[in-house]
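Where a number appears in this text, it was derived from the coordinates with a stated rule and is not lab data. Here the structure is a predicted model, which means the values were calculated and not measured. Glycine gets a Cβ as well: all are built from the backbone with ideal geometry, and neighbour counts include every protein chain shown.
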Amino acid sequence: MKNVDKKIQLLFNLLKKGKLNEAKELNKSLIREYPKNAFLYNTIGLIYFDEKNYNDALSSYKKGIVINQKFAPLYNNLGNLHRFNKDYNEAEICFKKAIQLEKNNPESRNNLGNLYQDINKNQDAIDIYLSALNINPTFFPSHYNLAITYKNIGNFKKSKKHLNKTIELKPYFFSAHRTLSQIMTYKINDEHFTLLKKINNDTEIKKNPNSELCFALGKAYDDIKDFKSAFFFF
């Protein structure tokens with residue numbers, strides 16, 4: 001068992017470094033060596049999905065489930081694949097199965113919420129995101145997705161609350177800054193405006209400007225009628 005754990009750690013290291021071809025070949029060899037390891041079918045399914053090889057991803061997830069019907073990540077990732085293919089009924093079944101198997105994992109709940117957003121079941125999306133946050137109040141994707149849902153139904157007060165929480169948890173998550181800028185009317189001393197300028201002064205950001213951050217700054221400067229700065233960032 002220790003031997004396979006070491007090999008799986010090597011597989012993780014290759015994936016972290018973005019060496020997908022090497023990771024895929026190692027994953028295939030490990031499946032040949034350990035053909036009853038459901039985890040390995042899950043990881044190679046993720047690699048295939050990343051490569052846009054959706055048929056092989058689907059096959060890998062299903063093979064893994066045959067081996068271990070209680071391995072929640074397989075159902076979660078199969079749900080993501082079905083959602084990508086707009087097969088929403090199958091996706092919902094998979095996410096609910098993953099939730100049933102891992103009741104305290106917010107990720108599958110978050111993904112089910114995203115599915116409900118896709119099909120305009122906004123209240124269902126809100127309920128499931130809140131249940132994810134009840135499990136882990138610091139799970140920032142559910143704060144962000146909850147904010148988007150509230151924004152979509154016109155509840156800007158709650159949307160702002162969850163966008164601010166997202167930014168508190170993940171200051172460099174630029175999509176949250178852009179979305180917040182869309183529902184704010186800025187004044188020169190607003191906290192968020194100050195934070196935007198502070199992040200923009202980060203050395204790494206100056207080297208690699210982010211379009212969503214620039215949009216947020218452009219919107220803020222436009223609101224305070226500094227049109228020259230607004231034009232620069234837009």
Notebook entry, point to check: Rounded to the nearest 0.05, what FRET efficiency do LYS206 and LYS170 have when you use their Cβ-Cβ distance and R0 = 25 Å?
Noted result: 0.80
Notebook entry, point to check: So how much slack lies between ILE67 and ASN122, counting 0.36 nm per residue of separation and subtracting their Cα-Cα distance, in nm?
Noted result: 16.2 nm
Next item on the list: Step through the residues of segment 212-217 one at a time and calculate ³J(HN,Hα) from phi using the Karplus curve (6.51 cos²θ - 1.76 cosθ + 1.60, θ = phi - 60°), rounding each to whole Hz and writing x for Gly and Pro.
Entry: 5, 5, 5, 4, 4, 5
Notebook entry, point to check: Among residues other than PHE215 whose Cβ falls under 15 Å from its Cβ, what is the net charge (Lys/Arg +1, Asp/Glu -1)?
Noted result: 0
Margin query: Taking a ≥ b ≥ c as the square roots of the Cα gyration tensor eigenvalues, with a/c under 1.5 meaning rounded and otherwise prolate when a/b beats b/c, else oblate, which class fits segment 142-234?
Written below: oblate
Item checked: Candidate lysines - alpha carbon under 27 Å from LYS151, same-chain residues fewer than 8 apart omitted -> LYS86, LYS96, LYS121, LYS160, LYS161, LYS165, LYS170, LYS187, LYS197, LYS198, LYS219, LYS225
Checklist line | PHE156 paired with ILE224, simple spin-label distance in nm, labels 7 Å along Cα-to-beta-carbon | finding: 1.9 nm
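Between GLU90 and ASN53, 0.36 nm times their residue separation minus their Cα-Cα distance comes to what? Show your work: numbers first, answer last.
Values: separation 37, 0.36 × 37 = 13.32 nm, distance 1.91 nm.
Roughly 11.4 nm would be gained on extension.
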Checklist line | segment 67-72 - phi-based ³J(HN,Hα) in whole Hz, Karplus 6.51/-1.76/1.60, Gly and Pro as x | finding: 6, 9, 7, 10, 9, 4
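Counting other Cβ atoms within 10 Å of each Cβ, which trypsin sites (Lys or Arg not before Pro) in segment 187-233 have at most 15 and sit in a DSSP loop? Could the numbers behind the result be given before it?
Working: sites: LYS187, LYS197, LYS198, LYS206, LYS207, LYS219, LYS225, LYS228; in loops: LYS187, LYS225.
Listed in order of number, the matching sites are LYS187, LYS225.
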Notebook entry, point to check: Expressed as an acute angle from 0 to 90° and rounded to the nearest 10, what is the orientation of the C-alpha long axis of helix 20-33 relative to the principal long axis of the chain?
Noted result: 30 degrees
Notebook entry, point to check: Per the Kirkwood definition applied to all pairs of different Cα atoms, how many angstroms is the hydrodynamic radius of the chain?
Noted result: 20.0 Å
Next item on the list: Tell me which residues come under 5 Å, amide H to amide H, from ASP226 once H is placed; ignore anything under 5 positions away on its chain.
Entry: none
Next item on the list: Could you please state, rounded to a whole Å, how far the C-alpha centre of segment 3-28 is from the C-alpha centre of segment 82-120?
Entry: 27 Å
Notebook entry, point to check: Rounded to the nearest 500 deg cm²/dmol, what is the calculated helix-only ellipticity per residue at 222 nm for the chain, with -39500 (n - 2.57) per DSSP H run of length n ≥ 4?
Noted result: -24000 deg cm²/dmol
Next item on the list: In whole angstrom, note down how far apart the Cα centers of segment 200-229 and segment 127-180 are.
Entry: 22 Å
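Net charge near LEU101: determine it from the other residues with C-beta under 14 Å of the C-beta of LEU101, scoring Lys and Arg +1 and Asp and Glu -1.
Numbers: positive: LYS70, LYS96, LYS97, LYS103, ARG109; negative: GLU102, GLU107.
Within the 14 Å Cβ shell, the charges total +3.
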